[in-house]
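Beneath this line is the structure, given in structure tokens, with notes to follow.
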Amino acid sequence: DYRKAREIIQSGELGSVKCARFGRRSALPGWSGWLADESRSGGMILDLSIHDVDFAYHLLGVPDTFRGGGAKSVEGGFDKHHGTLQFGDVPVTIEGGWFLPGEYPFSMSFDIFCERGLLSFDSGAGRPLTVYRPDGATETPEIRSGDGYDGEIDYFLGCIEEGCSPDMSPPQESAI
């Protein structure tokens with residue numbers, strides 16, 4: 001869904017990005033005690049929201065400014081955060097957290113507002129990437145099947161095998 005959204009944006013079909021919102025939520029992952037130790041894991045922001053920050057950079061480049069805040073748990077790590085990255089005149093809001101109780105499932109979502117439409121996705125609501133047009137029309141683009149992580153690994157291995165630099169996620173983006 002993320003890859004397809006980027007392809008649509010890069011095609012120019014919807015015009016330029018005007019603003020965006022990204023979010024990831026879950027209960028504190030119970031499969032590993034070290035995740036709750038912010039000194040070892042980097043905490044919730046590095047576990048969840050780093051992916052949305054990375055995607056915003058991938059779409060729009062390096063932000064001009066960042067503002068954010070959050071709420072800390074009794075243990076001292078951030079359980080909920082929100083932030084706004086400003087890319088020129090394009091604000092991008094990112095929020096997330098491990099603040100939900102019990103077995104609340106992991107979910108991720110985004111709304112990317114463009115000049116001529118909206119790209120929206122919400123895994124928690126079971127809504128695949130959907131394009132909403134100003135005239136009321138909607139479409140659900142075809143998404144490549146398979147696991148996204150497997151696709152990343154296959155792409156990276158292909159770059160190594162072919163001796164070419166990755167253009168979808170160049171190392172300089174990861175160094176920012």
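Assessment of the range 122-132 against the conditions (open to solvent by 30 Å² or more (accessible area, probe 1.4 Å) and closer than 17 Å to Lys18 by Cβ) yields at least one matching residue.
Against the list (1) open to solvent by less than 70 Å² (accessible area, probe 1.4 Å); (2) within 15 Å of the chain's Cα centre (by Cα); (3) without any contact (Cβ under 8 Å) to a residue 40 or more places away in the chain; (4) farther than 22 Å from Cys19 by Cα, the condition Gly148 fails is (3).
Residues in the range 114-145 that are basic (Lys, Arg) and in contact (Cβ under 8 Å) with a residue 12 or more places away in the chain: Arg116, Arg133, Arg144. Taking first residues from the range 92-113 that are open to solvent by 20 Å² or more (accessible area, probe 1.4 Å) and partners that are of a type in the set (Val, Ile, Thr), the Cβ contacts under 6 Å between residues at least 6 apart in sequence or on separate chains come to Thr93/Thr84.
The values are calculated or read from the model by the stated rules, or taken from the named source; none is laboratory data. As the structure is a computational prediction, the values presented were derived from the model and not from experiment. Cβ coordinates were reconstructed from backbone atoms using ideal geometry, including for glycine residues, and neighbour counts include every protein chain displayed. With ligands, DNA and RNA removed, areas are computed over all heavy atoms of the protein, side chains included. Shrake-Rupley method; radii C 1.70, N 1.55, O 1.52, S 1.80 Å.
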